[in-house]
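Beneath this line is the structure, given in structure tokens, with notes to follow.
Any read-out appearing in this document is the output of simple, stated calculations on the displayed coordinates, not a laboratory observation. Given the structure is predicted, the values throughout are model-derived calculations rather than measurements. Heads up, the Cβs are rebuilt from the backbone with ideal geometry, glycines too, and the neighbour counts pull from every protein chain shown.
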């Protein structure tokens with residue numbers, strides 16, 4: 001068995017699958033893993049870590065924040081002004 005992307009042998013190595021293909025951990029992280037739209041770090045969807053999805057993008061809970069005061073917005077009411085998300089306190 002080999003990585004669908006880089007063709008590296010996977011025997012004895014961790015791997016992930018995506019849409020019926022298997023990938024080495026490096027290729028999966030680079031090409032298919034969910035990443036935060038703000039910090040671009042991986043979102044660990046298998047852990048208890050919370051993440052937010054808004055407008056088709058995924059965010060770490062702390063990265064989805066008010067553009068003015070940086071207060072996390074997950075579960076809070078906010079308004080959108082252009083590309084900025086603004087909490088009720090700063091609006």
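For Cα extents along the principal axes in Å, the candidate list reads (1) 54, 26, 19; (2) 44, 40, 24; (3) 46, 30, 19; the entry that matches the value derived from this model is (1).
Each peptide in 37-44, 21-28, 66-73 receives the mean, over its residues, of other Cβ atoms within 10 Å, and ordering these scores from highest gives 21-28, 66-73, 37-44. From its DSSP helices (H runs of at least four residues, each -39,500 (n - 2.57)), the chain gives a residue-normalised ellipticity at 222 nm of -2000 deg cm²/dmol.
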